[in-house]
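What follows is a set of notes on a single structure, which appears directly below.
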Amino acid sequence: MLIESLIHGLVARSLISGEDAVEIIGTASEVNDELAQETDLPAITAQQAHTLLSDIAASLSIELPDRADRPR
């Protein structure tokens, strides 16, 4: 919750755009997936991280203007 709150705060203060925040989270999710494939990271840990990142992206997407390509 702390990280999500920080990201929302950065967006609210216009330090980063909502689109940039969602993109950054998407990149983190991709890196998480790659690490899970390349290391012995337990599958449950990788899935939990993926779920958390997806939930944060969805939370931020609610605040974005309606776009066809935003994460759902």
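The values are calculated or read from the model by the stated rules, or taken from the named source; none is laboratory data. Computed from a predicted model, the values in this text were never measured in an experiment. Remember, those area values only see protein heavy atoms, side chains included, never the ligands or the DNA or RNA. Shrake-Rupley method; radii C 1.70, N 1.55, O 1.52, S 1.80 Å.
Using the heavy atoms of the protein chains alone and a 1.4 angstrom probe, what is the accessible area of the chain per residue in square angstrom?
For the chain, the solvent-accessible area averages 72 Å² per residue.
What length, rounded to one decimal in nm, is gained on full extension from residue 31 through to residue 46, with 0.36 nm per residue of separation minus their alpha-carbon distance?
Numbers: separation 15, 0.36 × 15 = 5.40 nm, distance 1.04 nm.
Contour length minus Cα-Cα distance gives 4.4 nm.
So if each residue of separation counts as 0.36 nm, and I subtract the Cα-Cα distance between residue 3 and residue 54, what length gain in nm does that give?
Extending this stretch completely gives an extra 17.0 nm.
For the chain, give the percent of accessible area contributed by carbon and sulfur heavy atoms, probe 1.4 Å, rounded to a whole number.
That share works out to 59 percent.
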